[in-house]
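The values are calculated or read from the model by the stated rules, or taken from the named source; none is laboratory data. Source: prediction; values computed, not measured. For neighbour counting, all protein chains shown are included, and Cβ atoms are generated from backbone atoms with ideal geometry for every residue, glycine included. Accessible surface areas use protein heavy atoms only, side chains included; no ligands, DNA or RNA. Shrake-Rupley method; radii C 1.70, N 1.55, O 1.52, S 1.80 Å.
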Amino acid sequence: MPRLDDHLWRGPCTKGTKHRSHLRASARGLVAKAGEMINSSGSGPSLLAAHGAPGTDPAHGPQSADVGGQGSSSHVNSWHHHLVQRSLVLFSVGVVLALVLNLLQVQRNVTLFPDEVIATIFSSAWWVPPCCGAAAAVVGLLYPCIDSRLGEPHKFKREWASVMRCVAVFVGINHASAKLDFANNVQLSLTLAALSLGLWWTFDRSRSGLGLGITIAFLATLITQLLVYNGVYQYTSPDFLYIRSWLPCIFFSGGVTVGNIGRQLAMGVPEKPHSD
């Protein structure tokens, strides 16, 4: 028979044992949960790196960057390709205009070159066409560039028919400078100045075109004065230092004409890419 003191001792001991075992189980559960939280927080970045952040695809991220780089590179190549094409066309236009217009001036004895530099086919010095071609390329590229810098795209009479009429008027002005006979060069100069301004008003009417035309006329006149002064060639009956007084009008109208050609060639060309 169990004694009463055994029940008295076993009762409290059994309850204490159960309480301690319950505490140990709770502690083990907390430790296990803490370990799971630590493991999940440590594996989170690796999972994001492996599977990608929400809304992104790591497999397509570098590919999209490559596609963007290829698109930018193709845009740059296209822009440079158009630039080279326009330069060649403008150079060719300058060469042709120089051959035609200078031939008229030489035949009318307005411009005189030394005999040893005259080409037998075109009755002109060999260096005149390439110099005029290079100048035409620079001027033709400069006009649309200045328009874009000023934020004023030129939209007045933007069609090739208008450009061709402008070229025809320019050739007519140059023809008049050699063919028309006036009492003095001052009257001829005033007439050609009015015709040149009329050409600008009819086919351009932009402030940038007027400013560039005046600047081109000034620089070209200065260079011509230096060439004539150094004996490269000369003009008959000079009345403006070493040249004819109407020559700046020819340079002004020529700048406006080549500028219109350059603007027309620049239409539809992609803008120059900017590097960020």
Check your understanding: Looking at (1) open to solvent by less than 80 Å² (accessible area, probe 1.4 Å); (2) out of contact with any helix residue (DSSP H, G or I) (no Cβ under 6 Å at 6 or more places or on another chain), which is the one condition that is false for Q187?
Key -> (1)
Check your understanding: In the list A194, A137, A168, which residue meets the criterion of being open to solvent by 50 Å² or more (accessible area, probe 1.4 Å), in a helix (DSSP H, G or I) and more than 21 Å from R244 (Cα to Cα)?
Key -> A168
Review point. Only one of T257, T236 is open to solvent by less than 50 Å² (accessible area, probe 1.4 Å), of a type in the set (S, T, N, Q) and modelled with pLDDT under 90; which?
Key: T236
Exercise for review: Return the residue satisfying two criteria in turn: it lies in the stretch 211-228 and is over 16 Å from L192 (Cα atoms), touching a helix residue (DSSP H, G or I) at 6+ places or on another chain (Cβ under 7 Å) and among the hydrophobic types (A, V, I, L, M, F, W, C), and of such residues it is surrounded by the most Cβ atoms within 10 Å (Cβ to Cβ).
Suggested key: I216
**Study point:** Single unsatisfied condition, V100 versus (1) at pLDDT 75 or above; (2) touching a Leu at 6+ places or on another chain (Cβ under 7 Å)
**Key:** (2)
Check your understanding: Looking at S92, S87, S123, which is the one that is open to solvent by 50 Å² or more (accessible area, probe 1.4 Å), among the small types (G, A, S) and either farther than 23 Å from P153 by Cα or at pLDDT 80 or above (or both)?
Key -> S92
Practice item. For A178, state whether it is of a type in the set (A, V, I, L, M, F, W, C), open to solvent by less than 20 Å² (accessible area, probe 1.4 Å) and over 21 Å from G133 (Cβ atoms). Key: yes
